[in-house]
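Have a look at the structure below before the remarks.
Derivation of every value follows stated rules applied to the coordinates shown; laboratory data play no part. These figures come from a predicted structure and were not determined experimentally. Because the Cβ atoms are built from the backbone with ideal geometry, glycine has one as well, and the counts that use them run over all protein chains shown.
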Amino acid sequence: MAGKEHKVSRKYAKRCFGTIGLLLTMYALFVLIIPFFMHMYMLNVESDILDDKLLYYGIYFIIILFGTFVPFFLMRLIFKLKFGKFNSSISASFSDLFVQTIVFFTLCIALTYVSNLLFAYLGMEGKLISSIGFSYDEANLSYPLYIFMLIAVTPLIEEYAFRGVLLNTLSKYGKRFGLIASAVIFALAHLHFAEMLPAFAMGIQLGKTSLRYKSIQPTIIIHILFNALIYALCVIPASITKYMAFGIAAIVIMAGYLIISGRYERIKIQKLRSNRTTNILFYSSPAVIIAMMLMILDTLLFMYLK
């Protein structure tokens with residue numbers, strides 16, 4: 001069915017996209033910028049909180065939860081987005097979601113490898129795709145609270161924010177526009193330049209899944225499975241690390257088989273004629289530019305901290 005052309009006036013864009021940009025700026029400040037300076041302050045004063053991992057990650061958890069919930073809850077209210085619109089029950093089976101997870105995982109691992117090769121020449125080699133506000137650090141992978149937040153909590157928070165609220169809000173002006181714009185913001189919010197390309201691809205794939213099922217329930221499940229696979233790769237004992245390549249190769253072969261056999265169904269999003277105008281108006285909004293610059297600044301600060 002042909003889609004209707006979405007026309008967004010400059011006056012409407014200034015009000016609508018400006019509001020979204022302000023809320024994204026609030027999100028960037030609370031979830032990305034403030035935690036960085038809080039960490040730097042603790043280092044300067046040699047705070048005992050740094051040695052108490054339970055307290056340290058507990059504080060981070062509260063900040064990320066508050067910093068995500070408030071701006072995106074306000075976005076829901078302002079744009080009158082009903083919770084049921086993106087939390088409806090789905091008919092997809094766990095096996096269908098597992099198939100998508102394997103394909104997503106393979107795509108993101110491949111893009112992570114390529115991205116790391118490119119940034120390695122600049123001395124900015126990254127790791128695997130981290131959750132927003134947290135980085136994969138071998139020293140932290142043994143703490144239960146960190147593991148719980150990494151595998152269970154952050155996928156739920158990120159799916160609610162980016163696929164549940166942001167994608168559905170922006171999709172009113174074109175599904176393809178909303179899909180790409182939400183994936184761009186999702187990628188910029190990650191902590192390393194080398195992570196942004198695979199994070200963008202992940203945002204696109206999860207966004208397509210959310211639009212297809214009109215729910216974030218499948219994307220939450222896929223995101224949890226994805227993070228669990230990433231965590232498993234990080235904690236593999238050194239004695240069997242050399243065999244990890246065989247495991248990844250097996251996953252790649254499995255993904256190839258699922259695609260060729262038709263078990264994995266590619267989701268297509270229709271492109272509307274007005275996307276170009278809508279994109280220009282969105283990305284030229286001063287508030288959106290400020291939000292994106294804050295996210296890039298956080299990445300630069302994170303590199304400085306490392």
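Report the gain in length on full extension from residue 290 to residue 77: 0.36 nm times residue separation, minus Cα-Cα distance, nm rounded to one decimal. List each step's numbers first, then the result.
Numbers: separation 213, 0.36 × 213 = 76.68 nm, distance 2.23 nm.
Roughly 74.4 nm would be gained on extension.
If packing is taken as the average number of other Cβ atoms within 10 Å across a peptide's residues, how do 178-186, 32-40 rank, most packed first?
Details: 178-186: 23.7, 32-40: 16.3.
Listed from highest to lowest mean packing, they are 178-186, 32-40.
For the pair residue 66/residue 249, report the inter-label distance in nm, with labels modelled 7 Å from Cα in the Cβ direction.
A separation of 5.1 nm, rounded to one decimal place.
Which peptide among 209-216, 250-257, 112-119 comes first, and what is the full order, when sorted by highest mean count of other Cβ atoms within 10 Å?
Working: 209-216: 21.2, 250-257: 14.4, 112-119: 16.1.
Order by mean packing, descending: 209-216, 112-119, 250-257.
Arranged from highest to lowest average of other beta-carbon atoms within 10 Å per residue, in what order do the peptides 160-166, 73-79 appear?
Values: 160-166: 25.6, 73-79: 15.6.
Descending mean neighbour count gives 160-166, 73-79.
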